[in-house]
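Read the structure below first, then the notes.
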Amino acid sequence: MWQEVDLLYSEDDLVQISALQHILFCERQFALIHIEQLWEENFFTAEGDVLHARVDAEHHESRKLFRQEYGMAVRSLERGLIGKCDLVELYLSPKGGVAEAVPVEFKRGRNKEEDVDRVQLCAQAFCLEEMFGVSVPIGQLYYLQEHRRTTVDIDGPLRAKTMELVARIQQLQSSGVTPPAVYEKQKCDRCSLLE
């Protein structure tokens with residue numbers, strides 16, 4: 001069951017949900033994108049843009065007690081998060097309101113062992129919990145290369161890890177310092193900001 005948090009963040013202090021994936025991948029990449037406002041396209045980012053072309057357009061589809069909201073803006077003032085969900089599947093109560101919400105995040109590659117995609121999904125769940133007053137125990141990741149959804153449990157360890165990353169982002173943003181480069185072949189060779 002979702003729990004209330006006493007903290008309330010101002011609009012200016014909200015962390016972009018996309019920043020969670022960046023900081024978990026590489027703190028330097030996070031700082032270059034979100035503090036120094038640098039961005040470079042490469043094959044991976046361009047392919048991701050194509051995948052999100054349909055999803056990012058805000059629209060919805062409905063059937064009786066089920067709705068699909070594409071490109072849904074979300075935020076949590078309790079957790080300090082703001083962003084956009086690729087897709088939110090809403091199961092409505094016959095008495096009115098939302099009974100269940102499931103965020104679905106679209107990704108270009110394959111399922112990953114590390115949590116870079118799962119923390120983003122967890123942050124979306126936090127926002128949906130606050131917005132609709134329901135528990136969001138699962139989310140789904142759709143990987144283009146696998147052409148199927150993977151269900152993710154939004155459990156205690158993932159929730160804790162996500163909030164630790166939010167705290168680290170806030171710390172780096174308030175310091176304004178970009179961490180030094182540390183070359184890791186597997187990560188750096190895929191980074192659009194390698195140069």
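Structure notes:
- Geometric extent, Cα atoms of region 75-195 - Rg, Dmax (angstrom): 16.4, 56
- For region 81-195, the per residue solvent-accessible surface stands at 50 Å², with DNA, RNA and ligands left out and a 1.4 Å probe.
- Peptide packing for 164-171, 142-149 was compared via the average number of neighbouring C-beta atoms within 10 Å per residue; ordered from the highest value, the list is 164-171, 142-149.
- Distance from the C-alpha centroid of region 111-154 to that of region 167-181: 25 Å, rounded to the whole angstrom.
- With the whole protein complex present, THR151 retains an accessible surface near 80 Å², based on a 1.4 Å probe.
- Potential extension, LYS185-ALA99 segment - 0.36 nm per residue separation minus Cα distance: 26.4 nm
- Cβ-Cβ distance of ARG67 and SER135, R₀ of 22 Å, FRET efficiency by 1/(1 + (r/R0)^6): the value works out to about 0.75.
- Listed residues ILE17, ILE138 arranged by accessible area, highest first, probe 1.4 Å: ILE138, ILE17
The values are calculated or read from the model by the stated rules, or taken from the named source; none is laboratory data. All figures in this text were calculated on a predicted structure; none of them were measured in a lab. Positions of Cβ are backbone-derived with ideal geometry, glycine not excepted, and every protein chain shown enters the neighbour counts. Just so you know, the surface numbers come from the protein's heavy atoms only, side chains and all, with ligands and any DNA or RNA stripped out. Shrake-Rupley method; radii C 1.70, N 1.55, O 1.52, S 1.80 Å.
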